Amino acid sequence: MDNGLISMVKDLLVKYKSFIRYAIVGVINTLVTIGVNTACNNLIGLSLQVSWVIGTAAGITNSYIMNTLWTFESKGGSKQKNAIQMIKFVIVNLISLGATTLALTYLVENRGIDKNIAQFPMILISQLINYTGYKFWVYKK
C-alpha cells in the first residue's frame, strides 16, 4: 500500500475518531434498545410505548457509560462538571425519546407499519439527534 494512502487513512481516522467510536457504540446501543424493546413488547406484553421507553432507557444507560468513557473520553473532572454533563446527556436523550416515541406511534398507528420494523428508523433518528447534542453541547470541549 502506498505510504501517502496510509497517511491519508490515518489522518481520516484521527479526524473522525469520535464519530467512528460513536458509530460503534451506536450499534451496541441499537442492539440493547431493540433487544429490550422487543422483549418487553413481544415476550412480556407491555404496550408499544412503554416497551420503547424501557428499551430506550437501557440503551441510554449503556450509551452514557460508553460515550463518556470511550467516545468522547470525558474522564475525571469535578463532581459538579460531571453532574452537569449527565443532566445535559439526559436532556438530549429526553428530546430524542420524545421525538422517536411520537414518530413510532405515528408509523404504527397511522401508517400501519409493523411495530417491530418501525423501531429501526427511530434508531437512526435518535442517533442523529443524540450525536449532534453530544458533540456540540454535552461533551463540547
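Okay, here's what the table says:
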item	result
Candidate set from region 9-28 (those that are surrounded by 15 or more Cβ atoms within 10 Å (Cβ to Cβ) and modelled with pLDDT of 90 or more); member that is farthest from residue 101 (Cα to Cα)	21
Residues satisfying the stated conditions in region 3-26, i.e. charged (D, E, K, R) and either over 24 Å from residue 127 (Cβ atoms) or out of contact with any Phe, Trp or Tyr (no Cβ under 9 Å at 6 or more places or on another chain) (or both)	10, 11, 15, 17
Test for residue 36: is it in contact with a Phe, Trp or Tyr (Cβ under 8 Å, 6 or more places away or on another chain), modelled with pLDDT of 90 or more, surrounded by 14 or more Cβ atoms within 10 Å (Cβ to Cβ) and closer than 17 Å to residue 122 by Cβ	no
Residue list for region 47-61, restricted to those being assigned to a helix (DSSP H, G or I) and among the small types (Gly, Ala, Ser)	51, 55, 57, 58, 59
Per-region count, region 96-114, residues crowded, with 18+ Cβ neighbours inside 10 Å and within 18 Å of residue 32 (Cβ to Cβ)	4
Pairs where the first residue, in region 31-57, is free of Cβ contacts under 8 Å to residues at least 12 places away in the same chain and the second is among the aliphatic types (A, V, I, L, M) and surrounded by fewer than 20 Cβ atoms within 10 Å (Cβ to Cβ), C-beta under 7 Å, 6+ apart	none
Among the candidates 87, 117, 129, residue that is of a type outside the set (Gly, Ala, Ser), part of a helix (DSSP H, G or I) and under 13 Å from the mean Cα position of the chain (by Cα)	129
Single condition residue 101 does not satisfy, out of (1) within 13 Å of residue 129 (Cβ to Cβ); (2) within 10 Å of the chain's Cα centre (by Cα)	(2)
Test: residue in region 62-80 that is assigned to a helix (DSSP H, G or I), of a type in the set (Gly, Ala, Ser) and within 16 Å of residue 133 (Cα to Cα)	yes
Residue check, residue 97 in a helix (DSSP H, G or I) and at pLDDT 90 or above	no
Criterion (within 20 Å of residue 136 (Cα to Cα) and either of a type outside the set (Val, Ile, Thr) or in a helix (DSSP H, G or I) (or both)) met by exactly one of 34, 24	24
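The values are calculated or read from the model by the stated rules, or taken from the named source; none is laboratory data. Everything quoted here is computed from the prediction, not taken from an experiment. Backbone-built Cβ (ideal geometry, glycine too); neighbour counts: all protein chains shown.
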